[in-house]
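Below is one structure, written out as structure tokens; comments come after it.
Derivation of every value follows stated rules applied to the coordinates shown; laboratory data play no part. Everything quoted here is computed from the prediction, not taken from an experiment. Counting neighbours? That spans all protein chains shown, and the Cβs are built from the backbone with ideal geometry, glycine included.
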């Protein structure tokens, strides 16, 4: 594949961040006398931004828009320091990023996470690599699977769909790439199982960061990890 730009989802793709989300949201729930949730529940809650984590963690009868906004503000406050709880790069990710840089492929991040927090995570955990753009959640930018963030990155970096690859761990990422006309590598080590990803008809599935390099070297049509 003649790739010039690799755009990564953040949570569940580059970094393991579920524990920090669980810690922060459970703290908000406890402070508001709601039941908390285990880690596996949060695996299903994530993927559409932190506000949807709030919605999915609340009992149905409390999902009032104004109340959701209140708890979302509380979550952002707690998560601004709690995001780092248990966070780390996925195994082999450092080597995969090194390999992309060696291949002169530019790097960027597109996430539904709050822009400021996303930038802090990149600055902390990905500071050893040249991440050229971070497109997170902004009030005036639609969330994934709307391709606005991805297309903005491509426009700013003068990249084309033919020379861009998207890497993510959810159906949201598959549809984001599809909506932008960009091929997508879906990873099975993140927040969604292989079976869940298959329902979204992925271009290609890989089970480790190192296999991202193999796909890029061989091309999606020539690589089969299913």
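For segment 158-226 and segment 64-136, what is the separation of their Cα centres, given in Å? Centre-to-centre distance over Cα atoms comes out at 19 Å. Peptides 152-159, 18-25 ranked from most to least packed by the mean count of surrounding Cβ atoms within 10 Å: 18-25, 152-159.
Nearest 500 deg cm²/dmol is fine: what mean residue ellipticity at 222 nm does the chain get from its DSSP H runs of n ≥ 4 alone, each adding -39,500 (n - 2.57), divided by its residue count?
Mean residue ellipticity at 222 nm (helix-derived): -13500 deg cm²/dmol.
As a proxy for reagent exposure, 218, 27, 113 were ordered by neighbouring Cβ count within 10 angstrom, fewest first; the result is 218, 27, 113. Taking the DSSP beta bridges with both ends in the chain, the antiparallel portion is around 15 percent. By its C-alpha gyration tensor, with a ≥ b ≥ c as the square roots of the eigenvalues, how is segment 18-82 shaped: rounded for a/c under 1.5, else prolate for a/b larger than b/c, else oblate? Cα axes put segment 18-82 in the rounded bin.
Net length available on complete extension from residue 198 to residue 161 is 11.0 nm, with 0.36 nm assigned per residue and the Cα-Cα distance removed. A value for Rg/Rh (Cα atoms, Kirkwood Rh) was derived from the coordinates, and within the list (1) 1.11; (2) 0.94; (3) 0.97 it appears as (3).
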